[in-house]
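Structure first, then comments.
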Amino acid sequence: MYAGLDLLKPLITAAANAADYLGTVVIGTAQGDLHDIGKNLVAMMLEGAGFKVVNLGRDVAPEKFVAAVEEHSATIVGISALMTTTMPAMKRTIDALDQGRAARAREGDDRAARRSARPSPTRSAPTATPGIRRWRW
């Protein structure tokens, strides 16, 4: 299967144009899960659409997600999981991202504080797509 992905990657990402940069995506498979073919396909499609993709691989700890989001100033975080037993790890990762954002605001990061003060919510409204959260870093 990975050999097939290697063949597809140049074809899918060829459409990417440096002028069409849409943001940075940090993507990885939740801690405890080793299934990453779907994640890799999504990463390739995002690259082809104009995103810079930071692929953390599989079995990624929540702390690694937080560090990558801060290091790369990610605009989108993608957490992949196939097994239902790893869904609690997704929750831990989301909680770690929330804590990381709150810590930045407490430490006096003016940009994060200004964004937190905006009237628009930092999380999606209840009527938005279930499972989608938005953070402002």
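The values are calculated or read from the model by the stated rules, or taken from the named source; none is laboratory data. Only a predicted model underlies this, so the values are computations on that prediction, with no experimental measurement involved. Backbone-built Cβ (ideal geometry, glycine too); neighbour counts: all protein chains shown. The protein model used for the area step is the full one, side chains on, heavy atoms only, and it has no ligands, DNA or RNA in it. Shrake-Rupley method; radii C 1.70, N 1.55, O 1.52, S 1.80 Å.
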#### Entry: Close pairs from region 89-114: first within 18 Å of residue 63 (Cβ to Cβ) and open to solvent by 40 Å² or more (accessible area, probe 1.4 Å), partner at pLDDT 90 or above and in a helix (DSSP H, G or I), Cβ under 6 Å, at least 6 apart
92/62
## Note on the structure
Going through region 8-34 in order, the residues found to be open to solvent by 50 Å² or more (accessible area, probe 1.4 Å) and within 20 Å of residue 68 (Cβ to Cβ) are 21, 22, 31, 34
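Take the residues in region 45-65 that are modelled with pLDDT under 90 and open to solvent by less than 70 Å² (accessible area, probe 1.4 Å); name whichever of them is nearest to the chain's Cα centre (by Cα).
The qualifying residue nearest to the chain's Cα centre (by Cα) is 47.
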